[in-house]
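All remarks here apply to the structure that follows.
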Amino acid sequence: MLRRRFSMISMIGVLLGMIALVASTNIWAADSAKETAEKILKESSLTGGLIWPKDIDEWTHFLHDPSNNAVAHDQLVGPPRGLQWFARPLYCRSHETDSSVSAMVSAAGRLFYILDKGPTGVADKRLPQTWAIEARDAFNGVSLWEVPLPQWGWPEWKGPELTAADWTLFSGNRMRSPTVLPRRLVADSQHVYVTLGYHAPVTVLDAVTGIIAIHTHQTKGGQHIDLGLLVR
């Protein structure tokens, strides 16, 4: 049993939408998750209050950082010795359709990615796509939040071509997605910059909650986010 006393602010965890256990002397009591989480997330390391270790690097862009040099400065990384965690789905939908993962970045101990959670194993245009941007704790895999992306997927970037095609003849179509997809997602310790649709402008999300912070309507038509700017 843990005997060390922790302050409320030090109890960092995934609390939104749950019931938080709050330590008060020797008694554990249930408290409203929303009020507790808002206080903790506002003042804890999840909002940047913790100084990020210098020997653990971040991967905030498709190719590491705005320089597009895909070399990390991490000093702790080494050969894998085990599986830290896993999350479903365990497999991509099919090798014959677009890849189920469009982009992935990491910042401040959180992993952000765009994923299709639709049915796996069958390449059929009649089966629905279920695209979303999801955030997880990079250390334990706990899901933090998820935002649906209904205007993402093959109908958005090659709809006319595939709608009339015979899908039974497809081969290796997963390699034919637009090259800008992984460049549509950038993150830092406090925000996530993403296009919530293939033709949509950049939206800024709160990295902790996934709540929309800023709509940038003037960025519609941009191709990828780089150097803090949207490149057309």
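Each of Lys158 and Ala87 was given a label point 7 Å from its Cα along the Cα-to-Cβ line. The distance between the two points is 2.7 nm. Look at Asp74, Asp226 and count the other Cβ atoms within 10 Å of each Cβ; fewest to most, that gives Asp74, Asp226.
For the stretch 116-206, which trypsin sites (Lys or Arg not before Pro) are in a loop by DSSP, counting at most 11 other Cβ atoms within 10 Å? When the trypsin sites (Lys or Arg not before Pro) of the stretch 116-206 are filtered for loop state and at most 11 Cβ neighbours within 10 Å, Arg126 remain. Kindly state, to the nearest 0.05, the FRET efficiency for Arg176 paired with His217, given R0 = 25 Å and r defined as their beta-carbon distance. With R0 = 25 Å, the Cβ-Cβ based efficiency is 0.25. Altogether, the Stokes-Einstein calculation at 4 °C and 1.567 mPa s, with the Kirkwood radius of the stretch 101-231 over Cα pairs as Rh, returns a diffusion coefficient of 83 µm²/s.
The packing ranking of peptides 139-145, 91-97, 76-82, highest mean first, is 91-97, 139-145, 76-82, where packing means the average number of other beta carbon atoms within 10 angstrom of each residue.
For the stretch 54-134, the percent of C-alpha pairs falling in each 5 Å distance bin, counted from 0 to the bin holding the largest distance, reads 3, 12, 18, 19, 17, 14, 10, 5, 1, 0. Available extension along the chain between Thr120 and His73 is 13.3 nm, counting 0.36 nm per residue and deducting the alpha carbon span. Take 65-73, 203-211 and order them by the average number of nearby Cβ atoms within 10 Å per residue, most first; the result is 203-211, 65-73.
Only the coordinates and a few stated rules stand behind these numbers; no lab work does. The structure presented is a predicted model; accordingly, all values stated were derived computationally and were not measured. With ideal geometry, Cβ positions are generated from the backbone for all residues, glycine too; neighbour counts draw on all protein chains shown.
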